[in-house]
Structure formats: structure tokens, C-alpha cells
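Single-structure report; data block below.
The values are calculated or read from the model by the stated rules, or taken from the named source; none is laboratory data. Bear in mind that the values here come from a model prediction, so they are computed numbers and not experimental data. Quick reminder, even Gly has a Cβ in these numbers, built from the backbone with ideal geometry, and neighbours come from all protein chains shown.
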Protein chains: 2
Amino acid sequence: MVQDRIKKLRMAMQQQNIMAYIIPSIDAHQSEYVPELWQRRPWISGFTGSAGDVAITKDKGGLWTDGRYYVQAAQQLAGSGIDLFKASEKDTPGIATFLSGELEAGDKVGVDPTTFSFDQMQSLKKDLEQAGLQVVFTEENLVDSVWDDQPGLPDVPVKVHTLKFAGETVESKLERIRAEMAKNGSKAHVITMLDAIAWTFNLRGKDVDYNPVFIAYAIITENTAKLFTKLSRVPDEVRRFLGSTVEIIDYPEFENHLKQLADSRVKVWIDGATTNYWIVSTLAEKCPLVNSMSPVIKFKAIKNEAELEGFKACHVRDGVAMVKFLHWLEGAVPAGGVTEMSAADKLEAFRRELDMFQGLSFSTISSYKIHGAIIHYSVTEESDIPLSPTGVYLIDSGGQYLDGTTDITRAVTLGDVTAEEKDHFTRVLMGHINLNLTSFPKGTTGPALDTITRVVLWDAGLNFNHGTGHGVGAYLGVHEGPQSINPTRGFTVPLEIGMICSNEPGYYKDGEYGIRIENLVNVIRDKQKSGNDFEFYTFDYATLCPIDTRLVEKSLMSEKQIDWLNNYHQNVWEKLSPFVEGGVKEWLKQATQKI
Amino acid sequence: MVQDRIKKLRMAMQQQNIMAYIIPSIDAHQSEYVPELWQRRPWISGFTGSAGDVAITKDKGGLWTDGRYYVQAAQQLAGSGIDLFKASEKDTPGIATFLSGELEAGDKVGVDPTTFSFDQMQSLKKDLEQAGLQVVFTEENLVDSVWDDQPGLPDVPVKVHTLKFAGETVESKLERIRAEMAKNGSKAHVITMLDAIAWTFNLRGKDVDYNPVFIAYAIITENTAKLFTKLSRVPDEVRRFLGSTVEIIDYPEFENHLKQLADSRVKVWIDGATTNYWIVSTLAEKCPLVNSMSPVIKFKAIKNEAELEGFKACHVRDGVAMVKFLHWLEGAVPAGGVTEMSAADKLEAFRRELDMFQGLSFSTISSYKIHGAIIHYSVTEESDIPLSPTGVYLIDSGGQYLDGTTDITRAVTLGDVTAEEKDHFTRVLMGHINLNLTSFPKGTTGPALDTITRVVLWDAGLNFNHGTGHGVGAYLGVHEGPQSINPTRGFTVPLEIGMICSNEPGYYKDGEYGIRIENLVNVIRDKQKSGNDFEFYTFDYATLCPIDTRLVEKSLMSEKQIDWLNNYHQNVWEKLSPFVEGGVKEWLKQATQKI
């Protein structure tokens, strides 16, 4: 089937004299999760992983993906004629290098200019041109042109995100955006990220997996706010809610409005890191541009009081589901029949019982023993294994609620515990606690704090190969920027009061087990350390769920760390015990005992 | 006098119909210290600070400098007609904003294209053009054109940096540079940084303050190595040393060779962050360019065995000078007559007695009490104050030796000690020791380690407003890249075995005192923590000089930290005591006692 599709694509390429076509994962909105209608790369290649770019020439094809997907990609590409390029490996040629070897100098390489951000495309274009190739932007996406039963734009109605949870009116948000525009003299701001649009207009949707967003563009000017989305999916309630503040326009009309904006030749603010090349280049022909991060990204990251209240509230409910699940797990595993997949389903079932639950915030990582060491493990029917009363089980999961988004990881023992497991678990826990105990001056960035969870592991010659934490949205993306507690990004973003991050150090022993302890935390002012002319911040936490003390080696920990853990467990008991009963309550009592 | 100079400059501007001329601090080689002939900004403005850019319009002038220089600049600019713009303050307009207010749309702004790096110029050009102004590059520097008695190129002979200390032949270095060129397909590499040229050709000079470099350009191709420097200053010894490996060409000929290189239309590797705009734009017209960090910068940063041996050896000598100085200080201050300036001179005198001493590696910071809180304090005759037997004295100094470069800071009490001083000093010391005790996985960057010296201060609501450390050259610049233990830079540069950094946390109490403890450290493999498939690194240190234990509050420190300090002092005693005698030896014995 895939071969037929590639054949059709090659015919379309030939008609335009294009020698290679590049099909990245990404859509026009640079979403983490791509809606079905734009899942062009899976459609053309058969590879369904979350990351991977394809290039097709007249007789070859390549897929570039990272280490998480080598096995899956090799299986799914079999018979497609597409070769796997292992992008995480140092000596793997990139797309430009591959194409320069396959094509003649001057040959045309086609791309859909909506499928790359402006910044990405600038860099790819440079690479291809340095390789002597010519980049052509196709009017229509060539995969779309041969995809007969391609789905249309989603029709699921958009919903109002109530002010009770949003905490700020659309009018106020627009006013703040316009104030930022005035500072750099821009007369219009184009917003393309779906979570930024959902935040700005206090609306939510269901167009992609896990993120409550809907496909739309927006153009904000000094006096107007235009929201472009499929008209048939906008209910009267939303029209009434937005009133005269926002003009709702059909999604395909965006192109005309973009061209009108270009013709007006005013200064336009775009965010080249997230806005697609087609939009930016259309404007750049005629308008002076400000290319910098959209103000919405920072506004959205700093939660207001209502959002923080919802953040706390949804974590009490989410904690109840986690406690019920961990209690169930302890009984069910020895009884037999529990697998990684059935455990994940059970946890989802507990979450589905909860108020305001809207779905998972990402695909649950339910991983036992050896699978725990695969950081981004996603259980499939083929990989699924039964749990038995021994070793470490790791579950990383989260929910979307009307009042907030959760993301929690716990590693628990299902039976016997080795001294090494205890040592590793305790060091991860100490790192987790150290970040909670840290006070830091205003202006400190996430990367500067990443080391704090790591030094305890470094002391023992250990490390983990991911960041300590990521930003989290308020009933929006479970991963959001601009802040990041990570050694590789967020360098220029100071943490600010109201930002939410995950705190999730880990340790992964290849071929044996994985440990990760994750709570969501929010930045608060450290009242004790702040003075008249200087500000110190620290973290509060929202996640409520016991940490498995059977895996704790108390002798490694400092008094301060032990106190933190005991206080945490007391708080978990106080907050969650009113909502559980019987065996679950007994289990919770036991699990939150002092060490 | 300055007014006359500005008048002449304005006449020169008028002849070319230029409405504003920008005169930055920087010269064609982007040096930290500018040789006298290119000190155009001090000449035209009267302001002699190390950082500051000037813009002159037909009736106004502005100087942009940072917080270190506000007082000095205000004094030196008085009567010049040049206004001070406080660049460290948030709302101060930049040069482009200032000029857009003063000039008409379309007006010409002149710059000398050699006085900006390519990357800087790109950004300034964009700002000026967005402000509606036109940038013109003057053939000759307009300040030079009106500076009658401008000094010529320096004539001080260049010297060979012996292989014993350099540790690698010029041939081997050229081979490694060419291997890197082959990797990205470049056929020529232009080197413009003076320390990179000195390193590549194993030569040293005396053209600027504190850095043993000489004014030169270099062009490396697959088969040739051209060194452009004033011919009259190249002694026969150097000619014999370089032999047929390197072609020595007169400095002014560089322009012709650059144009020939451009005409050859081969791919050229330039480093846009450090190479001036004139060079890059001359090449860019005709050649494909690779714009990335010069390979020399990384090669130079990773010291070989001979360089590390010299690094250790020169620190023994430097430590002897420091010990003699601190012993002298303790006796001289109560006797009276010692000032910040005379103390600095005394330390320099002790260094001058040492083998292979070539000069200071930077201007000594000798600061008493309140002056200690001014991080970049540089004592002048006006600011000089006497030292008395009370409070904290801080001295930050270093030497250039044929076998290495030193940089050391000690804060010592001159008499009574308060509990607060002890608390602050001890926390700085704990941060310093924590960095020494850290093991970190291969791949860790400097910024990730910066936090380690800081958390101890953060715990007490304190912080310091500079990086933990900078790279240091081998008988080259006391500040060098690419690595930096700093929260604001070096994000993509992993620390590697053989790199030298300073470890210099501090604490500054405004209006009272400053504390900083600085040793130079070098990255080594942590044999205990490294395994077959993973590498851990840690730090060794070279600096040998007692840390004032009278300022240590032992109860704050961990056993590990106390052990480190006691071992350090034992090592200082063992390494330095053979080279001192009498009262100095007794003082050293006392100063290195266990706590």
C-alpha cells in the first residue's frame, strides 16, 4: 500500500520536475501531536512514531528518526523501499547530505512551505543550497494531492474555557498582547501555535491527541482580533462568548487575510521559531517583521491565581486515582494476570471516574523491569509483559481536567528489593527533594537548576539522560515552554512566579530497570529569603501521591531531606484521605508513614 | 582637545555626507585589550575605560558604557559634548534608537567595517536599517584620518614560544587545523584572533597590555600557511624557526591576499563571532563560507601535557610570591603607610623576582573594605585608600610566565573579624570546595556546574553577580573560551580533559566588603567513577596559597569540605615551603594549619 502511495507521489513530483520531496512530521501549526488530516509522513511511509522526517527521490526514500524508534521504524518500513537513517547516531548523514549524494547539482527539492517553521526552513534551505540543490516550494502539498481519502478539517465543536478556570478574560489577554506589540512598534501579531490560540481566546477543542486544542490561526491588530477556524464547528455559545471582541472567520480564509495583511505593509510580529515558513515569507516580501517569541508563550506560562487554584484542585483528584491504582496494583499483581498494558488501562479507568476528567495528557508509560530503562517506552500489544511480585515497576501518566493538567511518575517495588535498587531510588529521591528545597534568586533560569537534581547521582558515578523538568500548561499541553529545567535549553528564560514545571529526575539501568520520581511544582516567592531590594523564589508542589518508602535507604539522606519526605507524606495523607475509604485508606495510611 | 578632535571628525564625516559615525572599543582583531594605535574611542572621547562605544552626529555625541564606568565616564566626558548613556540600565536607548531620533530617514551612518565582528555588524545593520537609516562602510577609519600623531604598528620583536612549553609543533597544529577543514570541506581558514594566531605559530609578542600576543592575521590553506605581521619585527630566529612551513608576509599585504582568496572562489571557513565584518563580507561576495567557531579556539583550550606541566610549575612560583606578599601585608599594615595601590605594587615586585615572569596577566584588583564590593574595582591615585588593621582586604591578581598564566584571588582579614564576615566567607569557601569535589559525566557544560558554587549562598539568601569561572590560556590570555563556568554563556561547550578554568565564587556586601576565593583548576578524568562505557571527569587545582582560616566558621562545613581544606593546606605547605625561609616560612606553617 505504501509502495503505491510513493509511486503516486513520484508521479506528482515528476509533473513538477521535482527530484526529491521532503515530508516532515510537522504540520502548519508546529504541534507536538499532529491531527489526523496532516499525518502525511505516517501515510506515505507507514512509520507511525511521533518523530521522523521522510525524503523521497525518484528511486529512493529515507526516514530520519531518533533512537526511541529504530526497532519500530525498521519493522514498519520493511518492504516500503524507504531506508532508515538513525538520526541519533553521530555519523548518520542528514537529509541535505543524503540528497546531495542522490541528486545532480541544480536539481529541484520540493517542500511544502507550511510544514517547516521559518527558522528550520532557513537552515534547511541553506544546507540544500550549499549542497548545490535548488529548493522549490510547492503550491499544494504533494502528499495531499495524491491522498484520495485524506480526512477533512475536524468538526468537533469548540468549547468555552470558563473564566472560573481561565482566570482572565479574552479582552484582558488581548490588551496585554497589544501592550507588548506597542513596545516593539508592531501593528499586527500572527499566532499559529494551537495552545497559544486556545489560551488567548479561552477556548478548548479536541482536534489532536492529548492536547485540548483546535485547528486555528489568529491575527491580532491594534483594533481587531481575527480567529480563523472551521466555521461549522463553532457553536452559538462560543459566538456569544466572544461577542464583538473577536471576529470568527473560516479557516481557509486565513490565506486571503494574510495576503491583505502583507499588502498593508505594516510592521508584523511573528515568532520564527514556531511560525511556518509560508506565513513568514508571505509577510516578509512586503512588511517589516519583528521576529521574536510570541508574547502569548510567556503569558501562558505564568499561571494566574485561578489557574493555580485549578492546578492544586485537579491534583487532589488525580492523586486519588493514583492511590486507588497503587493500592489495586499491590493486590492484583500477586493474584496474576496484570500486564503493563492492563495496568495502564486500570489507571485510566480510575481517572475516568473523576470529576472534570477530559482524557489523558499523554500516552501512559507503564513499564516493568527492563522496559523501565527505556525512557520513552510506550507499551504495545507486542511488547506487553506480565507483572510479577518482584522488581521495579514505573508508571508515568497524566490527565487533562477542566481545571488543569497533571503529569506524575512513580516507581514502586512489586516485591523484593535489592540494595542497589534502594541506593539508586534514594539518590533519585534526594535529587527530587533537593530541587524542592532550593531557594534561588529571581533571574535564575531552569538550566541552572537542572544540576541540583543530578549532583547526588554524579556523586555515585550515575546520571540520567533527560532534563529534570518541562513546563506544563493549564488544561493545555503537558509540555510547554518557554521555561525548561534542562541542561540543553531554556538558557535565556528566568523562572518566574506562577510557572509550572515537572521535577522528574531518574536513573535507568540498561537491561534491568528504570526509576523516575515526578511531581509537578510551581514557582513561588520565598518570603523568608526575599528582602526589600532582592527576591528569592522557591518551589511549591501540587502532586499528591505516596513515594514508595520500601525503596528508600534512609542512611543516605540528610535530616532536611528526611523531614521533607515525612512532611510530604503527611500532607498527602491529609489531602487525600478524606476521598478514599476502606482498604485504600488503610493502604494510604501505611504508605504515608514517617520513615 | 577632545572637542577639537570631534570637530575634525565631523568635517571628515561631512565630506562623505555621513550624518553619524560609530566608534566602538573594538579593533580589527576583536582583542580584549586594544593596542595603542587602535585606541580610537579613548582618543576621540577622552573616556579611557575598557568598554564603551561612541556615536558622533553633526551636533551630538553619545558614549554607551556599563555600570563599572558610570562615574569615570561622567568625569572624563565633562566638556566633551558627548552624553553618557548608561547601557546597563534597562530603559537606556541603544545606539540605533538614539540615531533614529537624531537623524532623518535615509541618512547615512558610517562605520569602519573592521571594527565589528561579522555577527555584531549583522545585528547592528539590521537595527539601523529597521530604524530607516542607511549603513555605509568607510574605506578608511575616519578617526584615523584625523588622528595626526596616531602611533604606527608596534615594532617589538616577536619571540618563539619554545616547544618545551608549547608541547606541540607548528606542523602538528597546522595538520590538526587542516584535518578539521577537510571535515567541512573548506579550502582555507582565516584566523584573526591574536591569541589564536600566537598559539598556532608558537610565537608570542608584547603588542597589547597583559596578553603576550602580536598583531597579525593568518590564512591557512590545504598546502600553505601565511602569517601576516609587520616584517621589520620578525627576527631571524623566528624565520629560522618557522622555516618553510609558514610564509611570513607584511601585515598590510593581508588585504591583497584576502582579495586573491576571494577571487579563488573556494569554500572558506570563517568564525563570524570573532572575525571582522570587512573580512567576511569581502569573502562572502565570491566564496561559499562555513561560519563556525575556529578549530583553533577549541584546540587552544585543551592543554597538552607540556602546557599542564608548565601550568603546575608556574603556580608554585606564583604561590611563593603570594605567600611572601601575604606575610609582608600582615606585618606592614599595622606599621602603617600601606595603601591599596602600594600593596598591589608590592605584590608585583614579589612576582618580578620570579623566574620566567613576563608581566601581569591583568590589572591587579587590590581593594579594601567598601572597595572590595566593587567587583571590577581598579585602584587609581584618586580612589586609593590606606589599609588599617581591621576588616577584609581582597586581592585578585595574576602573572604571565613563559610556562603559563596565573590568576588568583584571596580575601583576608587585616584584624578583627565579625560573625557575618565569617559566615559569608565560609559560604563562598564551601562553594569553591564543592566545585572541586564535584565529579561530572563527560558532556557536562560549564553553565551546568556554575550552580554548584552558588547553592550554598542561595541557602542563606545570598548570591554573587558574576560567573563562577572562565577559561585561562597557557602563557596567553587570562580570559579565553570557549568554555565558561557561567550561567550566561558556554551552553554548548562540554568541559574536556585538559581545559583550565578559574573557580572563583564570591560575595559582595554593597558599601561594606567583598569576598572572593579563586584558584585555577584543570579538568581531569575521574578514574574511580569512570567505567568501560562511561566517563566521569573532575577537577585538579594548580593554585597554591593559603586560604585565610581566621575567616572560616568550621561549624557550617561538612566533614568532606573540612577534609578538602586541610588536604589543600597540607599540599600548599609541601609544595611551597622548600622555597621560603625565616619569617615567611613560619607564617606559611601557621597559615596552613589544620582546622
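Within segment B:429-441, is there a residue that is assigned to a strand (DSSP E or B), touching a residue at least 24 places away in the same chain (Cβ under 8 Å), at the interface with another protein chain (Cβ under 7 Å from one of its Cβ atoms) and more than 22 Å from residue B:407 (Cα to Cα)? If you could, list the steps in order and put the result at the bottom.
Initially, segment B:429-441 is screened for residues assigned to a strand (DSSP E or B), giving B:440-441.
From the residues that got through so far, the ones that are touching a residue at least 24 places away in the same chain (Cβ under 8 Å) too are B:440-441.
Those left that are additionally at the interface with another protein chain (Cβ under 7 Å from one of its Cβ atoms): B:440-441.
Keeping just the survivors that are more than 22 Å from residue B:407 (Cα to Cα) gives B:440-441.
Yes: segment B:429-441 contains one or more residues that are assigned to a strand (DSSP E or B), touching a residue at least 24 places away in the same chain (Cβ under 8 Å), at the interface with another protein chain (Cβ under 7 Å from one of its Cβ atoms) and more than 22 Å from residue B:407 (Cα to Cα).
From the residues in segment A:446-473 that are among the polar types (S, T, N, Q) and surrounded by fewer than 22 Cβ atoms within 10 Å (Cβ to Cβ), which one is nearest to the other protein chains (Cβ to nearest Cβ)? Working first, answer last.
Restricting attention to segment A:446-473, the residues satisfying the condition of being among the polar types (S, T, N, Q) are A:451, A:453, A:463, A:465, A:468.
If we keep only those that are surrounded by fewer than 22 Cβ atoms within 10 Å (Cβ to Cβ) too, we end up with A:463, A:465.
Working: A:463: 5, A:465: 9 Å.
That would be A:463.
Within segment B:515-540, track down each residue that is buried (at least 17 other Cβ atoms within 10 Å of the Cβ), more than 12 Å from chain A (Cβ to nearest Cβ) and within 15 Å of residue B:436 (Cβ to Cβ).
Matches in segment B:515-540: B:517, B:518, B:519, B:520, B:521, B:522, B:523, B:539.
Among the candidates A:80, A:31, single out the residue that is farther than 30 Å from residue A:465 by Cα and within 31 Å of the chain's Cα centre (by Cα).
Details: A:31 fails: farther than 30 Å from residue A:465 by Cα.
After ruling out the rest, the residue left standing is A:80.
Kindly establish whether residue A:164 is over 13 Å from residue A:242 (Cα atoms), at pLDDT 95 or above, of a type in the set (Lys, Arg) and surrounded by 14 or more Cβ atoms within 10 Å (Cβ to Cβ). Quick ask: steps written out before the conclusion?
Values: over 13 Å from residue A:242 (Cα atoms): yes; at pLDDT 95 or above: yes; of a type in the set (Lys, Arg): yes; surrounded by 14 or more Cβ atoms within 10 Å (Cβ to Cβ): no.
Taking the combined requirement at face value, the residue does not satisfy it.
Restricting the search to segment A:56-104, which residues are of a type in the set (Val, Ile, Thr) and closer than 22 Å to residue A:143 by Cβ? Give the derivation first.
Looking only at segment A:56-104, we keep the residues that are of a type in the set (Val, Ile, Thr), and these are A:56-57, A:65, A:71, A:82, A:92, A:95, A:97.
Within segment A:56-104, A:56, A:57, A:65, A:82, A:95 meet the criteria.
Kindly indicate which of A:110, A:101 is of a type in the set (Gly, Ala, Ser) and either touching a Leu at 6+ places or on another chain (Cβ under 9 Å) or touching a residue at least 40 places away in the same chain (Cβ under 8 Å) (or both).
Every option except A:110 fails the conditions.
Those residues that are over 25 Å from residue A:465 (Cβ atoms), in contact (Cβ under 8 Å) with a residue 12 or more places away in the chain and buried (at least 18 other Cβ atoms within 10 Å of the Cβ), I need them from segment A:39-61; list them, please.
If we filter segment A:39-61 for residues that are over 25 Å from residue A:465 (Cβ atoms), which is where we start, we get A:39-46, A:54-61.
Next cut, in contact (Cβ under 8 Å) with a residue 12 or more places away in the chain only: A:40-41, A:43-46, A:54-58, A:60-61.
Selection gives A:40, A:41, A:43, A:44, A:45, A:46, A:54, A:55, A:56, A:57, A:61.
Mind checking which residues of segment A:282-292 are farther than 15 Å from residue A:219 by Cα and away from every other protein chain (no Cβ under 14 Å)?
Correct list: A:285, A:286.
When residue B:476 is evaluated against the numbered criteria (1) part of a loop (DSSP other than H, G, I, E, B); (2) at the interface with chain A (Cβ under 10 Å from one of its Cβ atoms); (3) in contact with a helix residue (DSSP H, G or I) (Cβ under 6 Å, 6 or more places away or on another chain), which criterion, by number, is the only one it fails?
Of the numbered conditions (1) part of a loop (DSSP other than H, G, I, E, B); (2) at the interface with chain A (Cβ under 10 Å from one of its Cβ atoms); (3) in contact with a helix residue (DSSP H, G or I) (Cβ under 6 Å, 6 or more places away or on another chain), the odd one out for residue B:476 is (2).
Go through (1) free of Cβ contacts under 8 Å to residues at least 60 places away in the same chain; (2) out of contact with any helix residue (DSSP H, G or I) (no Cβ under 9 Å at 6 or more places or on another chain) one by one and return the number of the condition residue B:205 breaks.
Residue B:205 satisfies all of (1) free of Cβ contacts under 8 Å to residues at least 60 places away in the same chain; (2) out of contact with any helix residue (DSSP H, G or I) (no Cβ under 9 Å at 6 or more places or on another chain) except (2).
Condition first: assigned to a strand (DSSP E or B) and hydroxyl-bearing (Ser, Thr, Tyr). Now tell me which residues in segment B:491-514 satisfy that.
Taking segment B:491-514 first, the residues assigned to a strand (DSSP E or B) are B:494, B:499-503, B:506-509, B:513-514.
Hits for segment B:491-514 are B:502, B:507, B:508, B:513.
Does residue A:352 fit the bill of being within 22 Å of the chain's Cα centre (by Cα), modelled with pLDDT of 95 or more and closer than 17 Å to residue A:514 by Cα?
Values: within 22 Å of the chain's Cα centre (by Cα): yes; modelled with pLDDT of 95 or more: yes; closer than 17 Å to residue A:514 by Cα: no.
In short, no.
Look at residue A:517 and say whether it is aliphatic (A, V, I, L, M) and closer than 30 Å to residue A:418 by Cβ. Break it down stepwise before answering.
Numbers: aliphatic (A, V, I, L, M): yes; closer than 30 Å to residue A:418 by Cβ: yes.
The answer is yes for residue A:517.
Of all the strands (runs of 3 or more DSSP E) wholly in segment A:231-300, which have at least 3 residues that are free of Cβ contacts under 8 Å to residues at least 60 places away in the same chain?
Numbers: elements: A:247-249, A:268-270, A:289-291.
In segment A:231-300, A:247-249 are the strands (runs of 3 or more DSSP E) which contain 3 or more residues that are free of Cβ contacts under 8 Å to residues at least 60 places away in the same chain.
Within segment B:43-55, is there a residue that is in a helix (DSSP H, G or I), of a type in the set (S, T, N, Q) and at pLDDT 95 or above? Quick ask: steps written out before the conclusion?
Step one: list which residues in segment B:43-55 are in a helix (DSSP H, G or I), which gives B:43-45.
Right, trim to of a type in the set (S, T, N, Q) and you get B:45.
Restricting the remaining residues to those that are at pLDDT 95 or above gives B:45.
Scanning segment B:43-55 turns up at least one residue that is in a helix (DSSP H, G or I), of a type in the set (S, T, N, Q) and at pLDDT 95 or above.
Could you check segment B:28-47 and list, in sequence order, the residues that are of a type in the set (A, V, I, L, M, F, W, C) and closer than 12 Å to residue B:144 by Cβ? Talk me through it step by step, then tell me what you get.
From segment B:28-47, those of a type in the set (A, V, I, L, M, F, W, C) are B:28, B:34, B:37-38, B:43-44, B:47; that's our starting set.
Answer for segment B:28-47, where residues must be of a type in the set (A, V, I, L, M, F, W, C) and closer than 12 Å to residue B:144 by Cβ: B:28, B:37, B:38, B:43, B:44.
Starting from segment A:129-156, keep only residues that are over 24 Å from residue A:214 (Cα atoms), then list their pairs with residues that are surrounded by fewer than 17 Cβ atoms within 10 Å (Cβ to Cβ) and of a type in the set (A, V, I, L, M) whose Cβ atoms are within a distance under 7 Å, requiring at least 6 positions of separation or different chains.
From residues that are over 24 Å from residue A:214 (Cα atoms), the pairs are A:132/A:105.
Can you name every residue in segment A:498-514 that is away from every other protein chain (no Cβ under 14 Å) and of a type in the set (Ser, Thr, Tyr)?
Passing the criteria: A:502, A:513.
Give the residue, chosen from A:192, A:162, A:138, that is within 30 Å of residue A:14 (Cα to Cα) and not hydrophobic (A, V, I, L, M, F, W, C). Before the answer, list the steps.
Working: A:192 fails: within 30 Å of residue A:14 (Cα to Cα); A:162 fails: within 30 Å of residue A:14 (Cα to Cα).
Exactly one residue qualifies, and that residue is A:138.
Is it the case, given these coordinates, that residue A:582 is surrounded by fewer than 13 Cβ atoms within 10 Å (Cβ to Cβ), more than 32 Å from the chain's Cα centre (by Cα), of a type in the set (Gly, Ala, Ser) and closer than 25 Å to residue B:461 by Cβ?
Working: surrounded by fewer than 13 Cβ atoms within 10 Å (Cβ to Cβ): yes; more than 32 Å from the chain's Cα centre (by Cα): yes; of a type in the set (Gly, Ala, Ser): yes; closer than 25 Å to residue B:461 by Cβ: no.
No, not satisfied.
It is to be established whether one or more residues within segment B:189-201 are in contact with a Phe, Trp or Tyr (Cβ under 7 Å, 6 or more places away or on another chain) and among the hydroxyl-bearing types (Ser, Thr, Tyr).
Yes, the conditions are met somewhere in segment B:189-201.
For the list (1) among the hydroxyl-bearing types (Ser, Thr, Tyr); (2) crowded, with 22+ Cβ neighbours inside 10 Å; (3) touching a strand residue (DSSP E or B) at 6+ places or on another chain (Cβ under 6 Å); (4) within 14 Å of chain A (Cβ to nearest Cβ), I need the number of the one condition that residue B:361 fails.
That leaves (4) as the condition not met.
Return yes when residue A:560 is within 14 Å of another protein chain (Cβ to nearest Cβ), outside any loop (DSSP other than H, G, I, E, B) and not small (Gly, Ala, Ser) and no when it is not.
On the way: within 14 Å of another protein chain (Cβ to nearest Cβ): yes; outside any loop (DSSP other than H, G, I, E, B): yes; not small (Gly, Ala, Ser): yes.
Criteria met by residue A:560.
Suppose we keep only residues that are of a type in the set (A, V, I, L, M) and touching a residue at least 60 places away in the same chain (Cβ under 8 Å) within segment B:547-568. Which one would you say is farthest from residue B:588 (Cα to Cα)? Talk me through it step by step, then tell me what you get.
Residues of segment B:547-568 that are of a type in the set (A, V, I, L, M), as a first pass: B:547, B:551-552, B:556-557, B:562, B:565.
From what's left, touching a residue at least 60 places away in the same chain (Cβ under 8 Å): B:547, B:551-552, B:556-557, B:565.
On the way: B:547: 11, B:551: 16, B:552: 17, B:556: 25, B:557: 23, B:565: 15 Å.
Step by step, filter segment B:547-568, then rank; the result is B:556.
Starting from residues that are more than 17 Å from the chain's Cα centre (by Cα) and facing chain A (nearest Cβ under 10 Å), keep the ones in segment B:479-493 and report whichever is nearest to residue A:538 (Cα to Cα). Before the answer, list the steps.
If we filter segment B:479-493 for residues that are more than 17 Å from the chain's Cα centre (by Cα), which is where we start, we get B:487, B:491-493.
Those still in the list that are facing chain A (nearest Cβ under 10 Å) too: B:487, B:491-492.
Values: B:487: 18, B:491: 24, B:492: 27 Å.
Result: B:487.
Consider only pairs whose beta carbons are under 6 Å apart and that are at least six residues apart or on different chains; among these, list those whose first residue lies in segment B:453-464 and is touching a residue at least 12 places away in the same chain (Cβ under 8 Å) and whose second residue is of a type in the set (Val, Ile, Thr) and crowded, with 22+ Cβ neighbours inside 10 Å.
B:453/B:468
Looking at segment B:62-78, I want the residues that are closer than 24 Å to residue B:4 by Cβ and modelled with pLDDT of 85 or more and have a partner that is not hydrophobic (A, V, I, L, M, F, W, C) and not in a loop (DSSP other than H, G, I, E, B) with Cβ atoms under 6 Å, at least 6 apart or on another chain. Which pairs are those?
The qualifying pairs are B:62/B:83; B:63/B:45; B:64/B:53; B:73/B:65.
Can you tell me how many residues in segment A:59-72 are in a helix (DSSP H, G or I) and farther than 15 Å from residue A:383 by Cα?
Pass one, segment A:59-72, residues in a helix (DSSP H, G or I): A:67-72.
Next, only the ones that are farther than 15 Å from residue A:383 by Cα stay: A:67.
Summing the residues that are in a helix (DSSP H, G or I) and farther than 15 Å from residue A:383 by Cα in segment A:59-72 gives 1.
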